[in-house]
Amino acid sequence: MLAFMADLMEAVADLLLSAAQEIVLPVFGRAEAQPKLKSPGEWVTTADRDAEAMLGPALAALVPGSVVVGEEAASANPGLLSCLRGADDVWLLDPVDGTGNFAAGRQPFAVMAAFQRDGETVAAWILDPVSGRLATAQRGAGAWLDGNRVRTAPDVPELDQVRGAASRRFLPRALADHVKGAEPTFAALTRGTGCAGADYQAIGAGERDFALYWRTLPWDHAAGVLFVTEAGGAAQRLDGTAYEAADYTRPGLLVTRNPGLWQPVRDRLMPGPLRELADG
């Protein structure tokens, strides 16, 4: 199993890099990207479609019998998501994470993949195509950034020393208003980068202390959750329960660079009266 996973980690990294270099970057900032709205606020480009078309069959070939659940394929056929609750080997693929940024010709954006076995995410890859920065993780074996083992800092500073991001795009109005009012509490509280992959890399690298999300689609978060938790961080639903990719309709996810930070950040961003918003 160990040899299999080592080979798999390298093979998938090579595939993501090839897709980035051959498909994604050549159309970045160019009319050939042909950005289109696929739903309100949701963009798709030729890079999304073409990278998924390349990566999907290639990933499936690495593990015979595996199923690929790509963002674009699942958008066309939501029934694919039922695979997450079965015993199949499943690939979760986001060919361009941060498509809104990509479509606008700005950074960051990422190419992400995660591998699930028996409903559990066991390996993850997050690639920044522009810088080449690669985050990887293997369940029980650790997290790496550009080949170097990473561990997040274990200290729990006061909130006025903590830097984070809250993606407010899908937050309920009451919670969005509360989060905005919490900004002075922290050293920095931004709206995020518009790219979950970049946010997860930043937390693992110690460049950010936390990130709050409302929508939790599996291709956006499975890879990042494994990367951060294997680096020593925490990623939990707003009631403190574990994140599971199959529970993708349930809102709310708070990711912190260590478990000790999770509770004080959660309590400030989402006090008790607002937590019922995330019940589900």
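The values are calculated or read from the model by the stated rules, or taken from the named source; none is laboratory data. Please read these numbers as outputs of a predicted model, since none were measured by experiment. Ideal geometry is used to build each Cβ from the backbone, glycine not excepted, and the neighbour counts take in all protein chains shown.
Residue check: F170 meets all listed conditions (1) modelled with pLDDT under 95; (2) within 26 Å of L17 (Cα to Cα); (3) assigned to a loop (DSSP other than H, G, I, E, B) but one, namely (2).
So which residues in the range 199-210 are out of contact with any Phe, Trp or Tyr (no Cβ under 7 Å at 6 or more places or on another chain), under 15 Å from L127 (Cβ atoms) and surrounded by 24 or more Cβ atoms within 10 Å (Cβ to Cβ), if there are any at all? Listed by number, the residues that qualify are D199, Q201. Would you confirm whether or not the range 228-240 contains a residue that is among the hydrophobic types (A, V, I, L, M, F, W, C), in contact with a strand residue (DSSP E or B) (Cβ under 8 Å, 6 or more places away or on another chain) and modelled with pLDDT under 95? Within the range 228-240, one or more residues are among the hydrophobic types (A, V, I, L, M, F, W, C), in contact with a strand residue (DSSP E or B) (Cβ under 8 Å, 6 or more places away or on another chain) and modelled with pLDDT under 95.
Specify which of the listed residues (Q161, Q107, Q116) is of a type in the set (S, T, N, Q), in contact with a strand residue (DSSP E or B) (Cβ under 8 Å, 6 or more places away or on another chain) and at negative phi. Steps first, please.
Working: Q161 fails: in contact with a strand residue (DSSP E or B) (Cβ under 8 Å, 6 or more places away or on another chain); Q107 fails: in contact with a strand residue (DSSP E or B) (Cβ under 8 Å, 6 or more places away or on another chain).
When all the criteria are applied, what remains is Q116.
Among the residues of the range 96-120, those identified as surrounded by fewer than 24 Cβ atoms within 10 Å (Cβ to Cβ) and assigned to a strand (DSSP E or B) are R117, E120. Restricting D239, D247 to those that are in contact with a helix residue (DSSP H, G or I) (Cβ under 7 Å, 6 or more places away or on another chain), part of a loop (DSSP other than H, G, I, E, B) and surrounded by fewer than 17 Cβ atoms within 10 Å (Cβ to Cβ) reduces the list to D239. Which one is modelled with the highest pLDDT among residues in the range 250-275 that are in contact with a Lys or Arg (Cβ under 8 Å, 6 or more places away or on another chain) and outside any strand (DSSP E or B)? Applying the filter and picking the extreme gives R257. Please name all residue pairs, on different chains or six or more residues apart, with Cβ atoms under 9 Å, provided the first residue is in the range 47-62 and is assigned by TED's automatic domain parsing to the domain that holds G105 and the second residue is part of a helix (DSSP H, G or I) and hydroxyl-bearing (S, T, Y). From residues that are assigned by TED's automatic domain parsing to the domain that holds G105, the pairs are A47/T99; D48/T99; M54/S18; L55/S18; A58/S18. From the list V225, V150, the lone residue that is surrounded by 16 or more Cβ atoms within 10 Å (Cβ to Cβ), within 18 Å of R266 (Cβ to Cβ) and modelled with pLDDT of 95 or more is V225.
So which of G147, G164 is touching a Ser or Thr at 6+ places or on another chain (Cβ under 9 Å) and without any contact (Cβ under 8 Å) to a residue 24 or more places away in the chain? Break it down into steps so the answer makes sense when it comes.
On the way: G164 fails: without any contact (Cβ under 8 Å) to a residue 24 or more places away in the chain.
From the options G147, G164, the qualifying one is G147.
Residues in the range 37-89 that are among the hydroxyl-bearing types (S, T, Y) and part of a loop (DSSP other than H, G, I, E, B): T45, S66.
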